[in-house]
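For reference, the structure is listed below as structure tokens.
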Amino acid sequence: MDYLVAGNVMVDIVRFADGSGSDRKNMGGPSVFAYSGVKLWTDSSMLVCKVGEDFYEYFDEWLEKNNVVREGIKVVCDYCNHSFLVYKEDGTYMGDPERFTKERHRSDWIQDFGYMKTTPEDIGEFSSKYNIKGVYLAQNNDYVWWRKFSEIKKRDGFKFMWEIEAPCCEPNQMEANLNALKSTDIFSINVQEACSLFEVDTEEECIEKLKQLPVDVTIFRVGKKGLYSIAGNEVFFLPSAPADRVVDPTGCGNTSTGSAMYAYSEGHDPLMIGIMANVASAQNIRQFGVIPDFDAVREFAYKQAKELYDNYKK
């Protein structure tokens, strides 16, 4: 086992600004989408997450079809976190927990987040058992959490991708963020988060701030335009990879971030890291929920990444 992808799992229903969407309950959440960004390239990867007892009712077929390792999936309460995502005209979205009050009481929905939060010990259980190359997690900047995690990372020697959570992207959170970045090798943030964190208005201003962070590589995501791969003073702008269809952007950021973690841990250069992130995102956008069949698209993904890399190098 080479890769661990940890964090929250959601059950999503998506509605777009024009009223269209999907009423099917799709697997989602940061860890699942990021896992798909790793699983696209390698089967030697494992989800480390906590779920409700209804998880297998919805997704057992997907797990079976894709030979997903179940060792790190732990049932801790009655229900998964169910999310109703409502997109706005500008492409951003908001969750609407009230939508699910007909199925469950709101207090149950909130309570389950506490059950499902990933701890450093959850990661350490498997990073100590396997020779892990890389770990992904979307996480806040709590000092105690990072102190415990840094000890595990030091002990087990893996590379780490931190995808920052939106509540940490306020200027008064910078000191705590810098503390977290001490244990981070590769970092991921989107343009709205970066503008808020650094109190700036443009991508160019964000990039100048991100170049100063104490990490090897930063993946700076700028929505449907693509992303920047930043390594010190090297900055690559990489347009979104072509996709044969565009269905649902939910989770594209997580998917690209997980893929970037894999590419970085495999020793690829910043250009290829960004390209592989975009290729994974292009696979994610083709349907509601996560990639349905990794074996069916893996060869194409590797071929597309190589072609894009060769073209960009020219």
Problem - Cβ-based charge dipole, the chain, positive-most Cα from 82, 26, 258 - result: 258
Exercise for the section: For residue 18 and residue 170, calculate 0.36 nm times their separation in residues minus their Cα-Cα distance, and state this gained length in nm to one decimal. Expected result: 51.6 nm
Practice task
Please tell me the relative contact order of the range 217-290 in percent, rounded to the nearest whole number, where contacts are Cα pairs under 8 Å and at least six residues apart.
Solution key: 35
Handout entry: Alpha carbon centroid spacing (whole Å) that separates the range 180-202 from the range 33-81
Key = 28
Handout entry: Helix-derived mean residue ellipticity, 222 nm - over the chain, DSSP H n ≥ 4, -39500 (n - 2.57), to 500
Key = -12500 deg cm²/dmol
Problem - Approximate spin-label separation residue 148-residue 299, in nm, with each point projected 7 Å along Cα-to-Cβ - result: 4.5
Completion exercise
Taking only the alpha-carbon positions of the range 1-91 as identical scatterers, the Debye log10 I(q)/I(0) at q = 0.20, 0.22, 0.23 Å⁻¹ comes out as -0.96, -1.10, -1.16
Handout entry: Cβ-based exposure ranking for 257, 202, in which fewest neighbours within 10 Å come first
Key = 202, 257
Handout entry: Paramagnetic label zone (point 7 Å from Cα along Cα-to-C-beta, residue 204; backbone N under 18 Å) in the range 222-243
Key = 222, 228-229, 233-238
Fill in the blank from the handout: Rounded to whole angstroms and listed largest first, the alpha-carbon spread of the range 154-273 along its three principal axes comes to 42, 36, 26
Problem - Rounded Å value of the spacing that divides the Cα centres of the range 138-172 and the range 206-245 - result: 20
Practice task
At 7 Å along the Cα-to-beta-carbon direction for both residue 140 and residue 224, put a label point, then send me their distance in nm to one decimal.
Solution key: 3.3
Handout entry: Local electrostatic count at residue 141 - Lys and Arg +1, Asp and Glu -1, tallied over other residues with Cβ under 10 Å
Key = -3
Handout entry: Sites residue 313 and residue 75, calculated FRET efficiency, Cβ-Cβ separation with R0 51 Å, nearest 0.05
Key = 0.65
Practice task
Evaluate the relative contact order of the range 3-313 (contact order divided by residue number), counting alpha-carbon pairs under 8 angstrom at least 6 apart; express in whole percent.
Solution key: 19
Practice task
Could you order peptides 220-226, 64-70, 230-236 by the average number of other Cβ atoms within 10 Å of their residues, highest first?
Solution key: 220-226, 230-236, 64-70
Problem - Against the rule of thumb 2.2 N^0.38 Å, how large the Cα Rg of the range 224-314 comes out - result: 1.02
Practice task
Can you tell me how much longer the chain between residue 115 and residue 63 gets when fully stretched, taken as 0.36 nm per residue apart minus their C-alpha distance, in nm with one decimal?
Solution key: 16.5 nm
Problem - Surface/4 estimate of mean projected area, convex hull on alpha-carbon atoms of the range 3-313, nm² - result: 15.1
Handout entry: Net length gained if the chain between residue 53 and residue 92 were fully extended (0.36 nm per residue, minus Cα distance)
Key = 11.0 nm
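Every read-out reported here was derived from the displayed coordinates using simple, explicitly stated rules and does not represent laboratory data. Since the model is a prediction, treat every value here as computed from it, not as a measurement. We place every Cβ from the backbone using ideal geometry, glycine too, and count neighbours over all the protein chains shown.
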